[in-house]
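The values are calculated or read from the model by the stated rules, or taken from the named source; none is laboratory data. All values derive from a computational prediction rather than experimental measurement. Note that we place each Cβ from the backbone using ideal geometry, even for glycine, and neighbour counts take in every protein chain shown. Accessible surface areas use protein heavy atoms only, side chains included; no ligands, DNA or RNA. Shrake-Rupley method; radii C 1.70, N 1.55, O 1.52, S 1.80 Å.
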Amino acid sequence: MLADMIESIAKILFIFGMNIGFFAPVLGWVERKQSAVMQDRIGANRADIFGFTVIGLFHSIADAIKVLTKEDFIPTGANKFFHTAAPFISLVPAIVTFCVIPFGGRYTLFGHDVNLVISDLDVGLLFIFAFSSLATYGAVLGGWSSNNNWSLIGGLRASAQMLSYEVAMGLTIIGVLMVYGSLKLTEIGVMQENFFRWGIFMQPLGFVLFLTCAIAENKRAPFDVPEAESEIVAGYFTEYSGMKFVMFWMGEFLEIVTISGIVTTLFFGAWHLPFITDQMLLSFFQFAGSNGASILAMLVNIATFFIKVIFFIWMQMTIRWTLPRFRYDQVMKLCWKMILPLSLINIFITGLVFLR
Amino acid sequence: MSDITKDFNTEHMVINMGPSHPVTHGTVKFLTTLDGETIVDLKVDIGYLHRGFEKMCENGTWQQVIPYTDRLNYVSPLINNVGYALAVEKLIGIDVPERCKYIRVIASELSRICDHLTNIAAGGLELGAFSAFLYFVEARDIIWDLIEMLCGARVTANYVRIGGLKNDLPDNFKEKTLEVFKKVRSLWADVDKLLTKNRIFIDRVKDIAAMPPDEAIAYGFTGPCLRSCGVPYDVRKAQPYLVYDRMDFEIPIGETGDNFDRYLVRMEEITQSLSIVEQAFDQIPPGPINVDMPQYRWQSKDDVYNRIDSLIFHFKTVIEGIKPPPGEIYSAVEGANGELGFYLVSDGSGKPYKIKVRPPCFALTAAMPRMMKGRFIADIVPTFDMINMIGGECDR
């Protein structure tokens, strides 16, 4: 009982530390530095502590100090309750969804069975969809409650876009569910132990469609029409400042991590290294005793998972800094006229293959 | 469904786009009436950068106007310098030396390249293509280095004088320019790859704000925006000034006059301008850069100290200004945006009686409502970028 509790708390702290302590601040830095590298610039390098700049990493600390001490501004005529609630509504789902994503396999440590996922739900995928659709409310409420016309347009765009892409996203992963026959993410992970059973080989079209939908759902460029700064100022968070603004921002960054996590789990073999099964890993580390071997195998798996996640974060950043923005109606057209029919075709083909 | 639409009361939203809006850059206001995302009505409100250019000019001497012209189209100030100087010279009847003409062509074309680079860069930026923006801004920056070499300033050039130039080309200018052009060409190729065949970019700009040629002419379009409609009108070809008739260059024209054609025309004009500068370097003769007319153009210090007429006219032109004969004149050059015309009236005194500028982007901005009605609010962004309204020039 006690061991279970310790295990749960350890896992929660790990994921929290990883997401909020590591990814959220570091992604701000990555976004600045990666764009700088892509654009022949130097990027953020001014914030220093005793002359040490650590290639601009201290900017995350400077940012934190800045946003915490900034005035929290609520415009006149705004609905105070919803204006305050909106950033929380969009941040919480981004944090919560990661709890069903497995970041490692199942190990036996000192006779205790450790499953590296915070909550191993049978309906893991549905849980992710349910919670990510809650984030829509954050954007819509933020836009509506700000008492600003640009925010309102942004909120409307956000609601239309996110609802549409949720429908499409749901259909894009049906193919994956048909292949693996489970909604449980740990099971899907286990089934990808064989390199040629990875989702990307089983569902190549599904992968492309899902990644597109996920980026659109996250409202990042080229799908950032709800916040298109040249058209509607800043869209639904025009009237936000200080910490509340950063909560929208953090929600967006954490969602990048979550998307990368889901993509890794569904399509890129979760925590598995290509061509190396868990048994091979365990026997390779046999010199450290059975517990030691389990711990080492676990560390390798966690590292594999997060390296894959970081790769997809990099990929999303590259897309964001390369492509121009869609127009609002083109985003909708892409969803309903391209992605939706394609994902239906994907389901159809998958079904045909399985019937055979 | 029909019941709902009948009973459901909707109204249009009136919203101010600008002047403090990312796309209007503080220089213009669009009063838009929106039906959802669609623009029902759009009114353009200009004048946020009005500095009274034309009135200011009446209080200075003819020569003192040149720094003001830098601030007209501040993206390509050298063309404004050249345009104004040519107009005054036409009024007086001066023909500047050959070398001066070539240097003016080089300066104008460098400015034109800068203007087009900035325009396309900003257009990319506002459509979200931030990398394309920085590539072209880098290209512009190294050309600004050249302009700095030439006249000591990067933006407010104040380089051209009535009847001549401030100074000759600096040493090694040709070599440095050719070196810079190599880099500019490679950056041009990068942006060409990033945008010209980019499906998202094409979707955003193609068939947006198309103008039929007759309407474009009726509105008074000139420059790349008119050429994109398929009308091959370029002042450099239609009424060649300086030495443009000796240059071998093409005028790119578009087909439909939409934003994509405007973009393509500008991209091609950059390469044409690069080649014009290179040709000018090949043809440029040695010789003086200033006319030998002491009553209009200061002589060198040597002459001023040693020749009595030079000394007298030096005093006279400093204190009273040069005195063109009474009369009025219109002279136009091909600005980066289109026909940049100066209408000058002289009463024979040392100060201009009236200076009227014909800014190319005024007519283009006036066509915004025509181009935008029935379009989406997001279409304002590429259209406004591609007509390239420069506040300083439009409002004066």
Answer with yes or no whether A:ALA10 is open to solvent by 30 Å² or more (accessible area, probe 1.4 Å) and touching a strand residue (DSSP E or B) at 6+ places or on another chain (Cβ under 6 Å). no
Restricting attention to the range B:15-49, report how many residues are open to solvent by 30 Å² or more (accessible area, probe 1.4 Å), in contact (Cβ under 8 Å) with a residue 60 or more places away in the chain, farther than 14 Å from B:ARG396 by Cβ and not in a strand (DSSP E or B). 3
Residues in the range A:129-136: is at least one part of a helix (DSSP H, G or I), within 30 Å of B:THR32 (Cα to Cα) and within 17 Å of the chain's Cα centre (by Cα)? yes
If we only count helices (runs of 4 or more DSSP H) wholly inside the range A:270-356, which ones have 3 or more residues that are in contact (Cβ under 8 Å) with a residue 60 or more places away in the chain and within 30 Å of B:ASP192 (Cβ to Cβ)? A:289-322, A:328-333
Unique residue being in contact with a Cys (Cβ under 7 Å, 6 or more places away or on another chain), of a type in the set (A, V, I, L, M, F, W, C) and open to solvent by less than 40 Å² (accessible area, probe 1.4 Å) when the list is B:MET368, B:MET389: B:MET389
Scan the range A:151-166 and tell me whether some residue there is open to solvent by 40 Å² or more (accessible area, probe 1.4 Å) and without any contact (Cβ under 8 Å) to a residue 12 or more places away in the chain. yes
Got a sec? Which helices (runs of 4 or more DSSP H) wholly within the range A:170-249 have at least 2 residues that are crowded, with 18+ Cβ neighbours inside 10 Å, touching a residue at least 12 places away in the same chain (Cβ under 8 Å) and in contact with a Phe, Trp or Tyr (Cβ under 9 Å, 6 or more places away or on another chain)? A:174-180, A:185-191, A:199-202, A:204-217
Which members of the range A:43-102 meet the condition of being among the polar types (S, T, N, Q) and either over 22 Å from A:LEU141 (Cα atoms) or in a helix (DSSP H, G or I) (or both)? A:ASN45, A:THR53, A:SER60, A:THR69, A:THR84, A:SER90, A:THR97
Scan of the range A:303-340 for residues that are more than 14 Å from chain B (Cβ to nearest Cβ), of a type in the set (A, V, I, L, M) and either in contact with a Lys or Arg (Cβ under 9 Å, 6 or more places away or on another chain) or more than 22 Å from A:ASN19 (Cα to Cα) (or both), ordered by number: A:ILE339, A:LEU340
Looking only at residues that are closer than 30 Å to B:SER300 by Cβ and basic (Lys, Arg) in the range B:164-206, which one is farthest from the other protein chains (Cβ to nearest Cβ)? B:LYS166
Among the residues of the range B:226-237, is there at least one that is in the same structural domain as B:LYS373 (by TED's automatic domain parsing), modelled with pLDDT under 85 and part of a loop (DSSP other than H, G, I, E, B)? no
Selection status of B:VAL277, within 21 Å of the chain's Cα centre (by Cα), assigned to a helix (DSSP H, G or I), assigned by TED's automatic domain parsing to the domain that holds B:ILE390 and within 29 Å of B:LYS174 (Cβ to Cβ): yes
